[in-house]
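Asker: Have a look at this one before I ask anything.
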Amino acid sequence: MMASAIFVFASLALLQFFFWYCRSLIAATSGVELSEATREVARINNLHVSGDDFERLHQLVDLCPETGGDAMGLKVIRFYHAFLGPLRAAFRAFAAPAWAGWAERERASCAYFTAVTLDARIARTRVLLAQQATNQL
């Protein structure tokens, strides 16, 4: 009995740590403005990125070479986004619209994090291509 109580307590503590870690990753990119080139590539017409855009943005990020060590953050945010989907559906099913709205905003934040990562990878790729072009001359 005591072992199961310790397991439950440790699991809840780990879940809380995971939640706050994801929130800190998202907060670090929330004030970053996307470049016009990234908006064009990602087909983002306004400043709002929807949670439903996440998979498309993640596929675009996978097309860019990783140079900045951001792969771990992307994996964590992808898992967090996957966790929020069923959570949002459960909140809707139990008539908790405020909590369902929160989950949708979190999903949109995950998508924006991915869009900012895409923007950074595109910028790094352009720099690498420019360096390569100058080294060949």
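The values are calculated or read from the model by the stated rules, or taken from the named source; none is laboratory data. Being a predicted model, the structure only gives us computed values, none of them experimental. Positions of Cβ are generated from backbone atoms using ideal geometry, with glycine treated the same way; all protein chains shown enter the neighbour counts.
Asker: Which one is nearest to the chain's Cα centre (by Cα), of the residues in the stretch 52-64 that are crowded, with 17+ Cβ neighbours inside 10 Å and of a type outside the set (A, V, I, L, M, F, W, C)?
Answerer: H58
Asker: Let me ask another. What are the pairs, 6+ residues apart or on separate chains, where a residue within the stretch 51-64 that is in a helix (DSSP H, G or I) has its Cβ under 8 Å from a residue that is modelled with pLDDT under 90 and small (G, A, S)?
Answerer: D53/A42; R56/A42; L57/A42; L60/A42
A quick yes/no check of all residues on (1) assigned to a loop (DSSP other than H, G, I, E, B); (2) at pLDDT 90 or above; (3) under 11 Å from G51 (Cα atoms); (4) touching a helix residue (DSSP H, G or I) at 6+ places or on another chain (Cβ under 8 Å):
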{"residue": "M72", "(1), (2), (3), (4)": "no, yes, no, no"}
{"residue": "K75", "(1), (2), (3), (4)": "no, yes, no, no"}
{"residue": "F79", "(1), (2), (3), (4)": "no, yes, no, no"}
{"residue": "P86", "(1), (2), (3), (4)": "no, no, no, no"}
{"residue": "R92", "(1), (2), (3), (4)": "no, no, no, yes"}
{"residue": "A98", "(1), (2), (3), (4)": "no, no, no, no"}
{"residue": "G101", "(1), (2), (3), (4)": "no, no, no, no"}
{"residue": "A108", "(1), (2), (3), (4)": "no, yes, yes, yes"}
{"residue": "Y112", "(1), (2), (3), (4)": "no, yes, yes, yes"}
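Asker: Cβ-Cβ under 7 Å, sequence separation 6+ or interchain: first residue in the stretch 70-88 and closer than 18 Å to L118 by Cα, partner part of a helix (DSSP H, G or I) and of a type in the set (D, E, K, R). Which pairs?
Answerer: Pairs that qualify, where the first residue is closer than 18 Å to L118 by Cα and the partner is part of a helix (DSSP H, G or I) and of a type in the set (D, E, K, R), are H81/R107.
Results for (1) more than 26 Å from F17 (Cα to Cα); (2) among the small types (G, A, S); (3) exposed (fewer than 13 other Cβ atoms within 10 Å of the Cβ), shown as yes or no for each residue.
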| position | (1), (2), (3) |
| --- | --- |
| H48 | yes, no, yes |
| E66 | yes, no, no |
| M72 | no, no, yes |
| V76 | no, no, no |
| G85 | no, yes, no |
| A90 | no, yes, no |
| A96 | no, yes, no |
| G101 | no, yes, no |
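Asker: Quick one: in the stretch 103-130, which of the residues that are under 12 Å from R39 (Cα atoms) and out of contact with any Leu (no Cβ under 8 Å at 6 or more places or on another chain) is surrounded by the fewest Cβ atoms within 10 Å (Cβ to Cβ)?
Answerer: Among those that are under 12 Å from R39 (Cα atoms) and out of contact with any Leu (no Cβ under 8 Å at 6 or more places or on another chain), it is I122.
Asker: Can you run down the residue pairs with Cβ atoms below 8 Å, 6 or more apart or on separate chains, where the first is in the stretch 122-137 and under 23 Å from D62 (Cβ atoms) and the partner is among the small types (G, A, S)?
Answerer: Every condition considered, the pairs that remain are I122/S35; I122/A37; A123/S35; R124/G68.
Asker: Within the group V49, V32, V41, V76, which residue is more than 17 Å from the chain's Cα centre (by Cα) and among the β-branched types (V, I, T)?
Answerer: So the residue among V49, V32, V41, V76 that is more than 17 Å from the chain's Cα centre (by Cα) and among the β-branched types (V, I, T) is V41.
Asker: Take the residues in the stretch 11-37 that are within 17 Å of E106 (Cβ to Cβ) and of a type in the set (V, I, T), then tell me which one is modelled with the highest pLDDT.
Answerer: Here the residue is I26.
Asker: Here is a further query. Looking only at the stretch 1-39, which residues are not in a loop (DSSP other than H, G, I, E, B) and not hydrophobic (A, V, I, L, M, F, W, C)?
Answerer: S4, S11, Q16, Y21, R23, S24, T29, E36, T38, R39
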